[in-house]
Amino acid sequence: MRYSWGSIILVVALCVRAWAQPQPPADPPQPPQQQEQAPPDTTGAPAEPTPPAAPAEPIDPADMTPTATEAPTSGLRVHVLSSSNVYLPMSFDIFSVVTHQVVASSAGVIESRGEVPPLLELKPGNYKIVRSGAPFESRVDFAIATVVPDTVTDFLIVVDPDSLEFRGSGPVVGELPRGVEIAGIRLSLNGGGTILFNQTRNAVGTTSGTSSQLGLFGNFGLVIDRGVHFIDVNAEMKLDLLDQATGSVMPTHDRFSASGLYSYKLHNEFLGPYVRASMRTRIFPGYIYLERDAPSGTVMIEHTDGTTELRQFGTQANPDNLRIRVAEPFAPLQLQEELGVNLKAIDLDLIVLKLNVGTRLGFGFRQAFTHGLLVMRGHDTDEPVRFREVDDYTTLGPVIGANATVTFARWLFGSAQFGLLAPLVNTDASQSDNSGGRLLIDLSGTAGFKVPILTNLLFASADYTFRLERDAFITAETQFEHALMARAVVTLF
C-alpha cells in the first residue's frame, strides 16, 4: 500500500496537537469531617459526649444445646444375684463364641443400693460368660447370652452366695428382682436329716425284726461387721440315733455347741478388745457297751458322796443288758466366758486362695454341770468294771485361742479352731498331777474337697472332721474322734 506525503504530514500534526492540549485541574482536597456534636446547652455548658456501645452479653452455657451423640443400638447388661436374693459384685469375663477371645470384662453391682450395672457394647452374636480368670473351655459355672441387633439385653446370673457357683441364668423377662441387703450382716442357716425304717419277717440269712435310723444336723451363723463393732455368733448340732432289731435306741454321734463373740476395733480392722461366751453339751442319754466272755459281770460305781454301788450286767440274753447308762441328757453341760484382746493376724484374699487367721488372748471362766456323769476308771475288761461319778466344777485362768479358714481354687477348703485355758483355782479336783496335764484344750477342724477328675465324667469328694478335747476335771485321758466320708461319682450317660 502506498501513502502520499501529504497524508503522513496530516496525521503527525493531529498527534502533536492532542499531546499539547492542557489537562483539566484535579479536585481540591476535602478537609476531614468533624464529628457531629450535640448543640450546646442553653446555660452554656458543653454537651455530654455520646456513650460507647454496650458490649455483647455472654452466652449462658445452660442455653447451649450439646451435640447429640449416637446411643448404643445393641449391648449386654449383666445382673449377678445370689440364690438368697442378694446382689453380689462378682467379677466375670465375656468370651466371643466365634473367636474364643475375651471381648469384655465387668462385675456385678449392689443394685439394691440403687447402683446400675454397666452396659457392655457388644455386636450381635452369642457370648459365653464365665467367672473372672476362668478359660473359655470351662464346662461348669458358665452362661450363654445372645445379643440381637438394635436391642439392649438384660441378662441375669444366679450364683451360690458362698462358693459363687452358677445356679441358673437367662435373659430377664419382666421386672428384675429387687434384692435384699443387710448392710454389714451375714446370716447363714442350714439343717437337715435322714430317716430310715426297715422291717423284715421270716427273713433268710439275717435277723427278722424292725430297725430304724435317725440323723439330724444343723448349723447357724451370724456375722455383724459395722464400723468398729464386730459380732460373730455360731451354733452347730449333730445327732445320729440307731435302733437295731436286737437292741434299743443309742446315739452314735451326739453333740451340740454354740458360741458368741463381740469385738471392738480400736481405729483399725485388726486389733481390739473382745468378750466371748461358749457352751457345749449332748442331747441324748449316753451308753457304754461292755463285753464279757463270762456269763455276767459286775459294775462298781463310786459316787461323789463317798458311797459305792454295785450292778450286775450280762445276766440276760439281749444286747441292752450289756450296756451301762453313763450320761443323762444335756450332760455334761460346759460353759465358758472370756474377755481380752482379739487380733486378726492374717486376712488374705487372692484369686485362687483365701486365708483368714484370727487369734485372741485373755482371761476365762469355766463352769461344768455333770448331772451324775460316770467315767470309767481302768479298762472295760477289769472285774469289776469301775466307774467314777464326776462332780460339778468351776475354774478360771488365762486363755489363748485361734481360728482359721482357708479356701483354695474353690475346690479345697478347710477350717480349724483352737482354745486353751490354764486353770488357776480348784486344781485339786483335777485328775492330773502336773500343770501340763491340767490344761483345758479343745482343738477341732474340718477339711474337704470336690474335684472334677474327668470333666463331666468323674467327680471325687471327701470330707474329714476331727476333734481333740482334754479336760482333766472330767478325765485324765485325751478324748479324740474323727470321721472321714469319701465319695466318687461316675457319669456314664
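Restricting ASP382, ASP428, ASP391, ASP442 to residues that are acidic (Asp, Glu), outside any strand (DSSP E or B), touching a residue at least 12 places away in the same chain (Cβ under 8 Å) and more than 30 Å from SER132 (Cβ to Cβ) narrows the list to ASP391. Would it be correct to say that SER257 is out of contact with any helix residue (DSSP H, G or I) (no Cβ under 8 Å at 6 or more places or on another chain) and surrounded by 15 or more Cβ atoms within 10 Å (Cβ to Cβ)? It is true that SER257 is out of contact with any helix residue (DSSP H, G or I) (no Cβ under 8 Å at 6 or more places or on another chain) and surrounded by 15 or more Cβ atoms within 10 Å (Cβ to Cβ). Answer yes if at least one residue in segment 302-309 is surrounded by 15 or more Cβ atoms within 10 Å (Cβ to Cβ) and farther than 25 Å from THR381 by Cβ, and no otherwise. Looking for residues that are surrounded by 15 or more Cβ atoms within 10 Å (Cβ to Cβ) and farther than 25 Å from THR381 by Cβ, one finds none in segment 302-309, hence no. No other residue among ASP392, ASP382, ASP347 is in the same structural domain as LEU443 (by TED's automatic domain parsing), of a type in the set (Asp, Glu) and over 30 Å from ASP305 (Cβ atoms) apart from ASP347. Is at least one residue of segment 305-312 under 29 Å from GLY401 (Cα atoms) and not in a loop (DSSP other than H, G, I, E, B)? No.
Could you list, in sequence order, the residues of segment 366-379 that are buried (at least 17 other Cβ atoms within 10 Å of the Cβ) and either assigned to a loop (DSSP other than H, G, I, E, B) or hydrophobic (A, V, I, L, M, F, W, C) (or both)?
Within segment 366-379, the subset buried (at least 17 other Cβ atoms within 10 Å of the Cβ) is 366, 368, 370, 373-376.
Selection gives ALA368, THR370, LEU373, LEU374, VAL375, MET376.
Looking only at residues of segment 205-234 that are of a type in the set (S, T, N, Q), touching a strand residue (DSSP E or B) at 6+ places or on another chain (Cβ under 7 Å) and outside any strand (DSSP E or B), we find that the one that is surrounded by the most Cβ atoms within 10 Å (Cβ to Cβ) is SER208. Being within 28 Å of PRO273 (Cβ to Cβ) and either assigned by TED's automatic domain parsing to the domain that holds ILE346 or out of contact with any helix residue (DSSP H, G or I) (no Cβ under 8 Å at 6 or more places or on another chain) (or both) is a description that does not apply to LEU484.
Please find, within segment 264-283, the residue that is surrounded by the most Cβ atoms within 10 Å (Cβ to Cβ) out of those that are among the basic types (Lys, Arg) and either in a loop (DSSP other than H, G, I, E, B) or not assigned by TED's automatic domain parsing to the domain that holds ASP240 (or both). Only one residue tops the list, namely ARG282.
All of ALA416, ALA447, ALA402, ALA486 fail the test of being assigned to a strand (DSSP E or B) and modelled with pLDDT under 85, apart from ALA486.
The residues of segment 249-266 that are in contact with a Pro (Cβ under 8 Å, 6 or more places away or on another chain) and of a type in the set (Ser, Thr, Tyr), listed by number, are SER263, TYR264.
State whether one or more residues within segment 453-463 are surrounded by 16 or more Cβ atoms within 10 Å (Cβ to Cβ), among the β-branched types (Val, Ile, Thr) and either without any contact (Cβ under 8 Å) to a residue 12 or more places away in the chain or in the same structural domain as LEU348 (by TED's automatic domain parsing) (or both). No, segment 453-463 has no match at all.
The values are calculated or read from the model by the stated rules, or taken from the named source; none is laboratory data. Model, not experiment: these values are computed from the prediction. When we count neighbours, we look across all protein chains shown, and the Cβ atoms used for this are built from the backbone with ideal geometry, even at glycine.
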